[in-house]
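None of the figures in this text is laboratory data; all of them are computed from the coordinates on show. Small disclaimer: the values here were computed from a predicted structure and weren't measured. Here the Cβ is made from the backbone with ideal geometry for all residues, glycine too, and neighbour counts use every protein chain on show.
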Amino acid sequence: MELREAHLPGLGRKYTLALQQGGQLVIFVHTTGQREVFWIEPGEEDPSYSFRLTDEEAREVAFILGGVRYQPLPADKLQFLLQEIVMEWLEVEPGCPVEGKTLAELELRRRTGVSVIAILRGEKTLPSPDPYTERIQPGDILIAVGTRSQIEKVQDLCQVSHG
């Protein structure tokens, strides 16, 4: 990555960023606060396209690109997280311990660490079920998110004990 800066007397500043993928991003910051952004394809001299941003728009874009609004996980941490977290469809057997109870009554998240993100009930899908009013019924399929060991604890609760 190479960044060049040029002072443009009476106009503002010009920043040219040579990108790793090739091509150049050229940004003119006018003394008025307006920004002009140009994209120059690799091997070309003239911009392929350009757009203008007000001072307010440019600051909002800077917040986004700078990670103020959202901080993504580094790839190595995301890969680790995705290896640890699973999503399972757990069928509720008639007579099991969760039947007839609400998610709040069961305290699944507190007791097991699992989040139930939806309930499949016949042809209906109940996304983000209300933890205080939605009662779990036999035949429901709970869509649960957690680690493998956490999911196994909830899976045991959805089955009738044969012991």
Can you put 156, 46, 130 in order, fewest other beta carbons within 10 Å first? 46, 130, 156
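With +1 on each Lys and Arg Cβ and -1 on each Asp and Glu Cβ, how big is the dipole of the chain about its Cα centre, in debye rounded to the nearest 20? Each step should come with its number before you reach the end.
Working: 17 positive and 25 negative charges, 95 e Å.
Charge dipole of the chain: 460 debye, to the nearest 20.
What is the order of 1, 87, fewest Cβ neighbours within 10 Å to most? Intermediate values should be presented prior to the final figure.
Numbers: 1 6, 87 12.
In order of increasing Cβ crowding within 10 Å: 1, 87.
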CD proxy at 222 nm, helix term only [per DSSP H run n ≥ 4: -39500 (n - 2.57); per residue of the chain; nearest 500]: -6500 deg cm²/dmol
What relative contact order, as a whole-number percentage, does the chain give when Cα pairs under 8 Å and 6 or more residues apart are counted? 17
Near residue 153, which aspartates and glutamates are there with a Cα under 19 Å away, not counting those fewer than 8 places off in the same chain? 84, 88, 91, 93, 99, 105, 107, 140
With axes computed from alpha carbons, what is the tilt in degrees of helix 55-65 against the longest principal axis of the chain, rounded to the nearest 10 within 0 to 90? 50
Degrees separating the helix 75-84 axis from the principal Cα axis of the chain, which is the longest one: 10
Taking H placed 1.01 Å from N in the peptide plane, check which residues at least 5 places from residue 23 or on another chain put their amide H under 5 Å from its amide H. 43
Would you list 96, 158 from fewest to most Cβ contacts within 10 Å? 96, 158
Label residue 123 and residue 104 with points 7 Å out from Cα along Cα→Cβ: what is the distance between them in nm? 3.1
Toward the positive end of the charge dipole of region 77-157, about the Cα centre and with charges on Cβ (Lys, Arg +1; Asp, Glu -1), which of 106, 120, 85 goes farthest? 85
